[in-house]
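Comments concern the structure below.
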Amino acid sequence: MKQSSKAILIAFVGVVLGLLIASRHQLFDKTPPVLVSESWADLGSAAAHPDGADAAHDGGPPSHAVFGQLQIDLVAHDADNDVYVGATLDGEKLAVERREHATFRLDIDADTLAEGEHVLALDIHDQSFAGNGFALTRSFAVDRTPPTLELGRSSGTAAQGATAAIFVRASEPLAHLRGALGDDALPAFVPLDDGLTWRSLTGINVKRAPGDTPLTIDAVDTAGHLTSLQAPVTISATRFPEGGVVQLSPKKQEDMLDKAKSKESNDKRSAAYATEVGLRVPDAPFLIPAEGPVSSAFGKVRRYNTGVVRHHLGTDLAVPRGAPVAASAAGQVVLAELLHIYGNAVIVNHGDGVSTSYNHLSRIDVAPGDVVAAGDVVGAVGSTGQSTGPHLHWGMVVDGTAVAAEQWTTRRFARPLPDDFD
């Protein structure tokens, strides 16, 4: 009997020791698990991101409001024990899917939540008797309402050979906005200081057909809601003056008809107009660059003794040779050289696709890369290139299209007109 009791005792002790050995990790583990990674995917708000892809946010919730499906992936690790994750959203318990390798997923349907701030509380702990762990609190905002858009009153009209300023005001901050006028994409919209008004500047070609042209604006708010605005823009016909015949010398006729040289010159000018200078168009009326009467207005239909008939895409000012030529507004010089037809030319890029040019100069006083202020001298009046006498050919290009520069001397295009929005 004693031997039997002894055997039972030994067996019991063995079982206890075995249990103690088996549970040593639970008994003696004092180290909490480690959160290896945390990633939030705002699947419903993907449109808020420039690439349009489902966006993952490592380390925590997105900084912008969300809607639709939220997917939260957590990876936690403990050297000795299994890891468990508990979650509550605004105090209500959530189901947490456990996956292999201590990976956990939470799915939240933000469309079932009220708009505003929400709090997700996470409890991450191991299986030890001590229950080592830690808590995390994450906050995120829900926005279930798409923005509304309003078009500035002055944006509903434009004219041949003029600048069209498209101003749009949103009911809330936007992530991005794009638009098209007819079949032509508008240049990038720029947000103004109030954070709600956006601006895009484009030029209306002198030959563009008058009448109503559809304007389409697509916007995405910071949560990823898409919204659109459609409205007509009425383009009015401009009565451009017509002139007589411009008599060119045989050499200048030959120059005018040299397509290879003209293409080389125009390619340089186009590249200068398209240069990104990191500037915003000045919020001030532009200056007339030299003192003198207009000798040939913008858009004037001119005939040359070469047989060519075309619009004059600049404003000619009758100014004596050698008179100073000033920059119409602040900007960066992006071209300063002798060009075919245009002679000594300077192009100043003012930002947002707006540039002015100064042509037929007798001399150039600036170099590419120079930053100029309104009124700074860029050269002197001359008669270089295809010119029949001293004058300044003053040009302006907006979004790659030549427009009348005088329009900019009487109106600020950087911001809406006072009565554009109520």
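Each reported figure results from applying straightforward, stated rules to the coordinates on display, with no laboratory input. In this text, all values refer to a predicted model and were calculated from it rather than measured experimentally. No Cβ is skipped: glycine too gets one built from the backbone with ideal geometry, and neighbour counts run over all protein chains shown.
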> What are the chymotrypsin sites (Phe, Trp or Tyr not before Pro) within segment 49-135 that DSSP puts in a loop, where the Cβ has at most 14 other Cβ atoms within 10 Å?
Replying inline: Phe129
> How many lysine pairs are close in the chain, with Cα atoms under 16 Å apart and the two 8 or more places apart or on different chains?
Replying inline: 5
> Can you list the HN-Hα couplings for segment 123-136, worked out from phi with the Karplus curve (6.51, -1.76, 1.60; θ = phi - 60°), rounded to whole Hz and with x for Gly and Pro?
Replying inline: 10, 10, 9, 9, 9, 5, 5, 6, x, 4, x, 7, 10, 10
> For the Cα atoms of the chain, what angle does the longest principal axis make with the long axis of helix 2-22, in degrees from 0 to 90, nearest 10?
Replying inline: 10
> Pick from Arg303, Arg99, Arg321: which residue has the top mean-square fluctuation in a GNM of the chain where Cα pairs under 10 Å get a spring?
Replying inline: Arg99
>> Spelling out what I want: for every residue of segment 390-397, take phi, set θ = phi - 60°, compute 6.51 cos²θ - 1.76 cosθ + 1.60 (Karplus), and round to whole Hz; glycine and proline get x.
In response: x, 5, 10, 8, 9, x, 9, 10
>> If I model a spin label as a point 7 Å beyond the Cα along the Cα-Cβ vector, how far apart are those points for Ser228 and Phe129 in nm?
In response: 6.7
> By how many degrees, 0 to 90 and rounded to 10, does the Cα axis of helix 259-273 deviate from the longest principal axis of the chain?
Replying inline: 50
> When the chain is treated as a GNM, springs tying every alpha-carbon pair under 10 Å, which of Leu120, Leu177, Leu151 comes out with the largest mean-square fluctuation?
Replying inline: Leu120
> Just Val378, Val309, Val66 to compare: in a GNM of the chain, with alpha carbon springs under 10 Å, which one fluctuates most?
Replying inline: Val309
>> Can you list residues from other chains, or at least 5 along the same chain, whose modelled amide H is less than 5 Å from the amide H of Val66?
In response: Ala141, Val142, Asp143
> Nearest 0.05, what FRET efficiency do Arg411 and Lys259 give at R0 = 45 Å with Cβ-Cβ as r?
Replying inline: 0.75
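I need the peptides 287-299, 161-173 ranked by packing, meaning the mean over residues of other C-beta atoms within 10 angstrom, with the highest value on top.
Per-residue mean Cβ counts within 10 Å order the peptides as 161-173, 287-299.
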> Loop-only check: which GluC sites (Glu not before Pro) in segment 55-132 are DSSP coil with at most 12 other Cβ within 10 angstrom?
Replying inline: Glu100
>> For segment 149-236, take every pair of Cα atoms, bin their distances at 5 Å starting from 0, and report each bin as a whole percent.
In response: 3, 15, 28, 25, 15, 9, 4, 1, 0
>> Give me the base-10 log of I(q)/I(0) for segment 269-404 at each q in 0.19, 0.20, 0.21 Å⁻¹, Debye formula, one uniform scatterer per Cα, rounded to two decimals.
In response: -1.06, -1.18, -1.30
>> At 7 Å along Cα-to-Cβ for each site, give me the label-to-label distance between Asp218 and Ala180 in nm.
In response: 0.8
> How far is the Cα center of segment 105-141 from the Cα center of segment 272-286, in Å?
Replying inline: 48
> If you compute Cα Rg over 2.2 N^0.38 Å for the structure shown, which of (i) 1.30; (ii) 1.59; (iii) 1.12 do you land on?
Replying inline: (ii)
>> At R0 = 60 Å, how high is the FRET efficiency between Arg303 and Thr148 if r is their beta carbon distance? Nearest 0.05 is fine.
In response: 0.70
